1. Assuming A:His235 fulfils every condition listed in (1) touching a strand residue (DSSP E or B) at 6+ places or on another chain (Cβ under 6 Å); (2) farther than 26 Å from B:Leu287 by Cα; (3) assigned to a helix (DSSP H, G or I); (4) assigned by TED's automatic domain parsing to the domain that holds A:Cys167 apart from one, which condition is it?
2. Got a sec? Which helices (runs of 4 or more DSSP H) wholly within the stretch B:245-344 have at least 3 residues that are modelled with pLDDT of 95 or more?
3. So if I check each of A:Ala280, A:Ala261, which one is in the same structural domain as A:Thr240 (by TED's automatic domain parsing) and surrounded by fewer than 24 Cβ atoms within 10 Å (Cβ to Cβ)?
4. Which residue out of A:Thr73, A:Thr31 is in the same structural domain as A:Ala301 (by TED's automatic domain parsing), out of contact with any strand residue (DSSP E or B) (no Cβ under 7 Å at 6 or more places or on another chain) and among the polar types (S, T, N, Q)?
5. Which condition number in (1) crowded, with 23+ Cβ neighbours inside 10 Å; (2) in a strand (DSSP E or B) is the one that B:Thr216 fails?
6. Select from the stretch A:30-44 the residues that are crowded, with 18+ Cβ neighbours inside 10 Å and closer than 20 Å to B:Leu111 by Cα and write down the one among them that is farthest from DNA strand C (Cβ to nearest atom).
7. Could you identify the single residue in A:Val168, A:Val182, A:Val116 that is of a type in the set (Val, Ile, Thr), more than 19 Å from the chain's Cα centre (by Cα) and under 19 Å from A:Ala249 (Cα atoms)?
8. Within the set of pairs 6 or more residues apart or between chains, which connect a residue that is within 17 Å of A:Ser18 (Cβ to Cβ) inside the stretch A:30-41 to a residue that is assigned to a helix (DSSP H, G or I) and not aliphatic (A, V, I, L, M) with Cβ atoms less than 7 Å apart?
There are 2 protein chains.
Amino acid sequence: MNIGEIAKRAGVSRSTVSYALSGKRPVSDETREKIQRVIDDLGYRPNASARALANGRTSTIGLVFPPAGNHYTGMQLDFIGSVVEAAAAHDYDVLLSPSGVDSDRSFQRLLGERRVDGAILMEIRLQDDRVDHLAELDFPSVTIGRTARPEGTWWVGLDHTALAAACVHHLADLGHRRVAFVNRPEQLLQAGYESAHRGLDGFTKAAAERGLTVRTYRCGDDPASGQACLEQILHDDPATTALVTLNEAALGGLYRGLAHAGRHVPRDFSVTGVVASRWAETVTPQLTAADVPAEEMGRRAVDLLIERLDHPGAAPRHHLLAPPISLRASTGPAGGPSFAEPPTPVSPS
Amino acid sequence: MNIGEIAKRAGVSRSTVSYALSGKRPVSDETREKIQRVIDDLGYRPNASARALANGRTSTIGLVFPPAGNHYTGMQLDFIGSVVEAAAAHDYDVLLSPSGVDSDRSFQRLLGERRVDGAILMEIRLQDDRVDHLAELDFPSVTIGRTARPEGTWWVGLDHTALAAACVHHLADLGHRRVAFVNRPEQLLQAGYESAHRGLDGFTKAAAERGLTVRTYRCGDDPASGQACLEQILHDDPATTALVTLNEAALGGLYRGLAHAGRHVPRDFSVTGVVASRWAETVTPQLTAADVPAEEMGRRAVDLLIERLDHPGAAPRHHLLAPPISLRASTGPAGGPSFAEPPTPVSPS
DNA sequence: CTCCTTCGTCGAACCGGTTCGAGGGCGAAC
DNA sequence: GTTCGCCCTCGAACCGGTTCGACGAAGGAG
C-alpha cells in the first residue's frame, strides 16, 4: 500500500503517481483517472513520515502547554480547542507538548527532532527563556501573551493593564472606595507571568488615579484558596466593598467566602475581574467581567503562525485585544440599598 | 546537522553513529566517546520523520477529541492533561485530532497517513463507528468509555449505571421520594453517548427499586439551559425535592434556578450527580457527587495503550472504575429541618 | 521531409535515518 | 605459521515519498 504499489497497478512510474496527486506537473486526463481509480480501490493515503522527510515539512504545529501539575483552568481548554480547530482548517495537526521548564526534554523533541513546523506558546512570562530560545533559532512561533519586550516578535495578547484598569474604573464609578485585588498564585508571580504582572500594574495605577484604598493578594488556583483569601481580605479590612480578580479557578471560593461572611453579591459586595465568559456565566450571580476571548485568541494565533510559515521573512505581526467589560449581575453601587428594601426572604444558593 | 555530518566529523560511518546511539550493536568505548563529543558540540538530534520512516513507528499517539463546536467540559480538559502527561512519561507525544464524525478527514489523517502508532478515543457511543472501524483494522487503540459490547476490546470506563444508582440510593436513604434526573443534551442521547444512556438506566432501575417518583430531563451543556431545565422541573412537579445530574456544564445554571425559585440547597432541595471533583468543589454549596477520576482514567488509558503497542497480540484488558460518592454539602434529609431551626439570616450568594 | 517545440512520462537521486551481511584486524588455539 | 573466532566497523539497501533532468512521441512551421 505504498506509492510503488499504486504505480505498478496503474502501469505507470512512481513519479507519475506523485505528480498526479500533487499536480506539480501536468498529467494526461487518461493517466490521472486510471491512477485515481486504483487509489480509490485500495484506499491509499501517502505516508506522512515519508512525505515529511522528503519535503521538510510535517504539517504539524506544536502547542506548548503549561507545565503539568498546575491546575488547568477553563481558559486553557478554550485555547487548546480553538487552536486545534483552527489548525485543522488549514490542514495542520496539533502536537501537544507539556513543556514549561526551560529547554527541557519535550521542548527538545519538538524542535531538535523537527516534529513540528512551528509552535504556539501559552502562559508567557515577562522574561521567558523559551521565547528567547526560539527567537535565537529564528524558529517560526507565535506566543499567546507577550514578554516584557515583544517588539519584533509574533504574538496575540490581551491588554491586561487596560482590562484591570477598566475593572477599577467600573467599581470607582459605582462609588467603591476600598477595593481588593485577587491575583494568581505567588509562585506564578515570581515566575514572572505576564497576566499577573500587567494586571497588577493596571489595577494599581488606576486605583491610584481614582484615589482608592487598595490591598492586593495572591491566591492559589483553586476554590479552597479563594475562600481563604476572601476571609483574609475581610479580616484585613472589613470595610472592603469590592474586589477585582484575575483568578478564574478561585472564583467559586471567593463567592463561597462572601456567602459565609454574610455579604450579599452585589448588594453588599461587588465582584469583577478578567475571566472567560463561560465561567463568568456559571457562577451565581453571573460575573460582571472583561471576558477573555480565548476562542478568538487561539484562532488568531494559528492564523499568524500559518502566515509566518507560508511567508518566511514576513514582517512580525501581532494582535492586542482589549474586550469590553460585560455587565452582568455581580457589581452594584457601593453601600447598596442599605436596607431601604425590606430583608426579603432571599434565596441563598 | 544530520547523521552523515556527525559521521564525517567523527571519522566513522553513518551506521556506526546509528549503532552508537541506539546501542543495538556493540561499539568500542573510544569510538562512542568520540561520536558523543561531536554530537554534544553540534547539539545534534536525529530527525523524527526519518526515524519514523525507517522503523515504522512514530512515537506518537493520537487523542481523538470530541467534535469541536461542542462545549468542552472541565472533565475533558482533565483527560487531555493526564493523557499528555502520562504519554510523555513513556516518551510518546500526543497528537490531537478533532474527530468525532465517523471516518472523517482528520481521522483519515491519523490512521491512513500513519501519523500515530495508536489512538485513544474519548466520548464513546454505545454504537460507535469509529470503534468498529479501528477494531476491523486491528489498529492499536484504547477507548475512554465503552460501547454496548465492549468484549474483546481495550478500554477504561466508568460504571455509570452503578454511579447513578448510588446517587439514587443516597437520596432515597435521606427520605427523598420525588426526584428528577438531568441528563446530557438531547442530541447526545440520540447519538448514543454511553454515559448518558448507562447513567439513565442506572437511575431508572434504582428509582424503581426504591419506589421513587421520577421525571427525567435532557439539558443543554451550558448554564442557561441548566436554569431553564430547573424551572421546567419545578413547573412539572413542584413537590420535587432532589435531582441527580450528569451534566457538569449545566450545574451552575441548576443552582441558579434553585436560588431564583427560593429553594435552599440542601435544606429545601438536594442535588447530587456524577461530576469531576474540581467542579463539585467550585459550586456553593459544594456538590455531593460521585467524583469522576479523570486524571486516573487518562493515565490508565495511556498505560493500556503502551502495553498494547509493546506486546502486539496481548489479550485485551480494561479497567471499570466506580468511585464512591464524596459527601459534601449539597444533599440533606427530605423535608429538611422544616423551620425547627430559626430562619437565621442566611447569606445568599 | 526535416527541424524544433511542446507535452507527458520515466529513471535516478535525494531526504535522514536503520539494519543486514560482509569483512578487516587481532588474539588465541592448534 | 595457519586457522578459527570474536569484536568492531563499513558499505549498501531500504523505508516511502518528492523532484530534477532527460527522452520519446506527436504536432506545427519552414
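1. Going through the list (1) touching a strand residue (DSSP E or B) at 6+ places or on another chain (Cβ under 6 Å); (2) farther than 26 Å from B:Leu287 by Cα; (3) assigned to a helix (DSSP H, G or I); (4) assigned by TED's automatic domain parsing to the domain that holds A:Cys167, A:His235 breaks only (1).
2. Working: elements: B:251-260, B:277-280, B:294-310.
Per the criteria, B:251-260, B:294-310.
3. On the way: A:Ala280 fails: surrounded by fewer than 24 Cβ atoms within 10 Å (Cβ to Cβ).
It is A:Ala261.
4. On the way: A:Thr31 fails: in the same structural domain as A:Ala301 (by TED's automatic domain parsing).
The match here is A:Thr73.
5. Of (1) crowded, with 23+ Cβ neighbours inside 10 Å; (2) in a strand (DSSP E or B), only one is false for B:Thr216: (1).
6. Checked the stretch A:30-44; the qualifying residue farthest from DNA strand C (Cβ to nearest atom) is A:Tyr44.
7. A:Val182 is the lone residue from the list that is of a type in the set (Val, Ile, Thr), more than 19 Å from the chain's Cα centre (by Cα) and under 19 Å from A:Ala249 (Cα atoms).
8. What qualifies is A:Thr31/A:Thr16; A:Val38/A:Arg9.
The values are calculated or read from the model by the stated rules, or taken from the named source; none is laboratory data. Since this is a predicted model, take the numbers as computed values, not measurements. For neighbour counting, all protein chains shown are included, and Cβ atoms are generated from backbone atoms with ideal geometry for every residue, glycine included. Side chains included, ligands, DNA and RNA excluded: accessible areas come from the protein's heavy atoms. Shrake-Rupley method; radii C 1.70, N 1.55, O 1.52, S 1.80 Å.
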